[in-house]
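To keep things clear, I will list the structure first and then write my remarks on it.
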Amino acid sequence: MEERRGMESFARELFGFFPLEWAVFLTAALPIIELRGAIPMGISLGMAPLEAALISLAGSTMPVPFILLAVVPVFNWLKRTPFLKARIDRLTERTLLKNGGRLERYGAWGLLLFVAVPLPGTGVWTGSLLAALFGMRFRFAFPAVFMGNVVAGILVMALSHGLFSLIRG
């Protein structure tokens with residue numbers, strides 16, 4: 001109990017006016033970090049593993065509908081500028097070439113598995129971007145991304161909790 005209070009005071013200093021739960025939620029919403037970084041952060045700062053996982057799941061799921069519904073129209077609007085057109089075309093091409101084959105071949109199941117792998121670059125931001133660029137319908141893409149995120153969250157929670165138990169114990 002004493003250790004938890006020490007970690008919470010450290011977290012309050014580090015994140016200032018944010019409650020610890022909001023810090024974990026907002027960290028999970030960031031691209032690249034997502035719940036893969038937010039769950040270990042929450043556990044290391046004294047949160048219960050399930051609490052850190054649920055808050056991280058909510059935070060990392062928050063941007064998904066916006067990415068699925070808005071990324072293609074926003075990209076098309078930004079492409080009007082020659083400077084941005086080249087960059088967006090490069091991002092789109094790189095994303096499709098690097099990850100598109102599995103999504104094209106396996107559809108929503110491939111998207112779920114892609115997001116479920118808890119490695120950098122395979123999270124909800126990239127998965128949602130892939131689904132949007134391939135024109136996958138929202139009613140298939142959102143559940144696939146969400147369930148993949150749940151699987152990734154369970155894996156990360158189990159690994160993080162086990163690792164921190166070994167370190168503390």
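Data for the structure
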read-out	value
Solvent-accessible area per residue for region 107-158 (1.4 angstrom probe, square angstrom)	45
Share of carbon and sulfur in the accessible heavy-atom surface of region 14-169 [1.4 Å probe, %]	73
Where trypsin sites (Lys or Arg not before Pro) fall in DSSP loop in region 54-106, at most 15 other Cβ within 10 Å	K79, R80
Region 79-141, relative contact order in percent, only Cα pairs under 8 angstrom and at least six apart counted	28
Region 25-121 - convex hull of the alpha-carbon atoms, volume per residue in Å³	112
Charge context of V145, other residues only, Cβ under 13 angstrom, K/R +1, D/E -1	+1
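The values are calculated or read from the model by the stated rules, or taken from the named source; none is laboratory data. Since we're looking at a predicted model, the values are computed, not measured. Note that we place each Cβ from the backbone using ideal geometry, even for glycine, and neighbour counts take in every protein chain shown. The accessibility values were calculated without ligands, DNA or RNA, using every heavy atom of the protein model including side chains. Shrake-Rupley method; radii C 1.70, N 1.55, O 1.52, S 1.80 Å.
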